[in-house]
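Taken together, the values in this text are just the output of simple stated rules run on the coordinates, not laboratory data. Everything numeric in this text was worked out from a predicted model, so none of it was measured. Heads up, the Cβs are rebuilt from the backbone with ideal geometry, glycines too, and the neighbour counts pull from every protein chain shown.
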Amino acid sequence: MVKENCGVVGIFSLSGTNVVPMAIDALRALQHRGQEAWGIAIPNKEPLKRLGLVSGASSEFKKICEDYSSPSVIGHVRYSTMGRSTLENAQPLKVKDLCIAHNGTIANVQELSNLVGGCSFTPQNASDTLVAAQRLVSLISENGQMGKALAILKNEMVGSFCFTFISDDNSVYAARDPKGFRPMVLGYKASDDTYIVASESSAISAVGATLQRDVKPGELIKLSKNGLETEQFSNDISRAHCSFEFTYFAHPSSNMEGANIYISRKRIGQFLAKKFPIKDADLVIPVPDSARPAALGYAQELGITFDEGLLKDRYSKKGPLRSFIEPHQSDRIEINRWIIPIREIIEGKHVVVIDDSLVRGTSSKAIIQALRRAGAKKISMVITYPPIKFPCYAGIDFPSQEELATFSNGKDMTDEELTEMVRKDIGADFLGYNDAENLAAAVGIPKDSMCFTCSSGNYDSLGITPEFKTRIEMKGE
């Protein structure tokens, strides 16, 4: 299964404004969704793609904005869950007169490839986006319209997706999958008479536009000289919004499914305090940066001191980056090495550490060891997300069971036994996980409208029965 969870953007200016500078700013605002590569595409030109962070190409920005000047553009930041971090795997991709950027997963990519003549897939050359684009172009040529083509493709394709497209006739399109797995929003900038679609509202705010609404699941948006046009290519009413977006992936300033992410995370912390009221604690500290709102909510609910006991060294090469979305274990370790404890805050204290998730255990183990060295008397760790026990096939990078901290190698264990196993492994004195009901209640979205597959192992929302594989098989590492 081939997939990515990334950030996408599409912009069209009715006033003819060059929107490429706006696209670059929007991609920088989506950098938390992908750190490996980025790219943009305009009509009638091959896409521009670069490895690394958007800011790494800052010396080129002026020339890029001149060479690619256009009133219409799409863009992409890449975070791979399969396929190596090469320029060939970067997006947008071009097929005939259509460029495409993709955030999500296509789980049945081999089956879909058979509809476009078939091709051989390995972790080295994997591109579900390319297969989807080839099939979509074929369906458009048969049916004449993007909406009709997507209505067919959604039935052939298993998985999650948010697409942005740009065609050589200067039209920009955006489509969100019928379940709403991945987020997508619509904004408008009145001063330039410009529409923008993006993975998150943080990108819309970054370019001075105003958030209009979420793109509806199963909705196709077209931006062209005729303005904004919209149609539903699916009327499926069941939802499966990714719960991991709310605890980790999304930017705290973003609004998603009617909820502000910062406020949602703070409420998750408050709800966790009721579930795990550790009243003999001296101090509550977050693991920077995603867990900060939850830690504040937890501390305020119980009346315990909140402080910054761990700080990232933002001047090291890897310090500013997010360890979870780095593709290689060595890079994740390097980032965590630059999370530095403050001894004067921690020494002699019972510290409650709030973290957004516990996936592989790499970060948690390193942080607890650092807190011990800094003189913590006792360390309790509380996780805002439920135990992750199963691979994600909807676009988050834990594609194999063997890499998860909860991996029991086939041994049948209760939830309590599993938690105790992980607690011992990471070295905490206490470990508490959130549960799906508690998380959904804090966010304010019905549990059955959120995806918790990675915790429950129920893949019904994706419509698949997965064949679990190793990380080497999935990513070629």
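Observations on the model:
- Taking label points 7 Å from Cα along the Cα-to-Cβ direction, E229 and D193 give a separation of 1.8 nm.
- Per-residue [θ]222 nm for the chain (sum of -39500 (n - 2.57) over DSSP H runs n ≥ 4, rounded to 500): -8000 deg cm²/dmol
- Gain in span if fully extended, S449 to T210, counting 0.36 nm per residue against the direct Cα distance: 83.4 nm
- Inter-part distance, region 365-395 to region 36-108, computed on C-alpha centroids, equals 34 Å.
- A quarter of the convex hull surface defined by the alpha-carbon atoms of region 262-445 gives 10.4 nm² as the mean projection.
- Debye equation applied to the C-alpha atoms of region 83-211, log10 I(q)/I(0) at 0.20 Å⁻¹: -1.23
- Rough spin-label spacing in nm, given labels placed 7 Å along Cα→Cβ, for N143 and K411: 5.1
- Remark: the S55-N260 segment gains 71.1 nm on full extension, using 0.36 nm per residue and subtracting the alpha carbon distance.
- Shape parameters for the chain, alpha-carbon atoms, Rg then Dmax in Å: 22.1, 71
- Candidate cross-link partners of K225 among the aspartates and glutamates, defined by an alpha-carbon separation under 14 Å and a same-chain spacing of 8 or more, comprise D168, D169, D192, D193.
- In this simple spin-label model, placing a label point 7 Å from the Cα along the Cα-to-Cβ direction at both S69 and R372 gives a separation of 6.2 nm.
- Across region 179-224, the convex hull enclosing all Cα atoms gives 58 Å³ per residue.
- Using a Förster distance of 35 Å, the FRET efficiency for R343-K274 (Cβ separation, nearest 0.05): 0.65
- Couplings for region 128-133, taken from phi via the Karplus curve 6.51 cos²θ - 1.76 cosθ + 1.60 with θ = phi - 60°, read 5, 4, 4, 4, 4, 5 Hz in order; Gly and Pro are left as x.
- Using alpha-carbon coordinates, inclination of helix 362-373 to the longest axis of the chain, degrees: 30
- Beyond 32 Å, the tail of the calculated P(r) for region 2-237 holds 11 percent of the Cα pairs.
- The length gained on full extension between E156 and S15, counted as 0.36 nm times the residue separation minus their Cα-Cα distance, comes to 47.0 nm.
- For the residue pairs K96/K447; K216/K424; K189/K389; K179/K378; K94/K216, alpha carbon separations beyond 32 Å are given by K96/K447; K216/K424; K189/K389; K179/K378.
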